[in-house]
Amino acid sequence: MVRTVWGVDSASAVSPSLYECVMNQFGKPEYWGRYLTTVENVSDGLTQEEIQFLQENRIKIMPIYNVFREAVGYRQGEITATNAIFHARRLGIPTGTFIFANIEHFFTIDEAWLRGWVDAFYPSGFKPGFYNDPVRGQFNEAFCQAVNNHNRVKEQAVLWSAEPEPGVTTKQNRPRTFAPATPDCDALVWGWQYGRDAEECPIDTNLIDRKLYESLW
């Protein structure tokens, strides 16, 4: 049985008011998924003040990178990963931490981009991850092709699945079984965003394998 840890993610910065909302409505998260950079009208970028606030409250950070609109081509995968690694270093995130490329079902994705992302991470000391939808869109086919073409993808990339979506819950009422949707091939699926767009606070709710939790910052 997978040992899981409960937490949240948000596109909004973790202000004291958002933190209090989550604490009061859902419970204390053990980690918080946050974006490395600001994308206008999409995500607030992580700041040093926010990092300090989360660390003072003993909440680990799960870094996400989303400064791209398609995931096509090996070289573009390398470039995007290099940019993500740059921002992780800029923020002082230590090596050994997973960084998740935000690839949802609306992205154009090919297997070469996924290989490029993984290969660029290999010498960096950081670890490659994909936030993905294995049910809708192109990720399932692209990932399985990448696995077939390059063993490093299967061995090193960790997946954070956006399916299925039984719905947002409190920490106490989280799913008792870790049941994320997986690709049609071997994969390390260690994350599950099981609840999206909570009404009470602008967050999503997640379960992750403790192996992933131990590799967060």
Task: Relative contact order %, segment 1-103, counting alpha carbon pairs below 8 Å whose residues are six or more apart - done: 25 percent
- [ ] Report the one residue of T38, V118, L91 whose Cα lies farthest in the direction of the positive end of the charge dipole of segment 28-182 (charges on C-beta: Lys and Arg +1, Asp and Glu -1; origin at the Cα centre).
- [x] L91
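Tell me, what is the FRET efficiency for E70 and E214 to the nearest 0.05, using R0 = 25 angstrom and their Cβ-Cβ distance as r? Write out the running numbers ahead of the final one.
Numbers: r = 32 Å, r/R0 = 1.30.
Taking R0 as 25 Å, the efficiency between E70 and E214 is 0.15.
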- [ ] Express the relative contact order of the chain as a whole percentage, based on alpha carbon pairs under 8 Å and six or more residues apart in sequence.
- [x] 23 percent
Task: Relative intensity, log₁₀ I(q)/I(0), of the chain from a Debye sum that treats every alpha carbon as a point, q = 0.08, 0.09, 0.11 Å⁻¹ - done: -0.25, -0.31, -0.47
Open item on the list: Under the rule that an exposed site lies in a DSSP loop and has at most 15 other Cβ atoms within 10 Å, name the longest stretch of the chain with no trypsin sites (Lys or Arg not before Pro) of that kind, not counting the sites themselves.
Closed with: 70-135
Task: Residue-normalised accessible area of the chain, expressed per residue, 1.4 Å probe, Å² - done: 44 Å²
Open item on the list: Of the candidates P63, P164, P94, which one comes out as most mobile in a Gaussian network treatment of the chain with C-alpha springs shorter than 10 Å?
Closed with: P94
- [ ] Express in % the proportion of alpha carbon pairs of segment 152-217 at distances exceeding 18 Å.
- [x] 40 percent
TODO: Mind running the shape call on segment 118-164? Use the C-alpha gyration tensor, a ≥ b ≥ c as the square roots of the eigenvalues: rounded below 1.5 for a/c, prolate if a/b tops b/c, oblate otherwise.
DONE: oblate
Open item on the list: I'd like the per residue volume of the convex hull spanned by the Cα atoms of segment 40-158, given in cubic angstrom.
Closed with: 110 Å³
TODO: With runs of 4+ DSSP H residues as the only contributors, calculate the mean residue ellipticity of the chain at 222 nm using -39,500 (n - 2.57) per run, divided by the residue total and rounded to the nearest 500.
DONE: -9500 deg cm²/dmol
Open item on the list: Let's see if you can work this out: charge +1 on each Lys and Arg Cβ, -1 on each Asp and Glu Cβ, no other charges. What is the dipole magnitude of the chain about its Cα centre, in debye to the nearest 20?
Closed with: 680 debye
- [ ] Just the number, please: carbon plus sulfur as a percent of the accessible area of segment 50-152, 1.4 Å probe, no ligands or DNA/RNA counted.
- [x] 46 percent
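The values are calculated or read from the model by the stated rules, or taken from the named source; none is laboratory data. Note that the coordinates shown come from a computational prediction; the quantities given were computed from them, not determined experimentally. Cβ sites come from the backbone with ideal geometry, for glycine too, and all protein chains shown count toward neighbours. Keep in mind that these areas ignore ligands, DNA and RNA; they rest on the heavy atoms of the full protein, side chains included. Shrake-Rupley method; radii C 1.70, N 1.55, O 1.52, S 1.80 Å.
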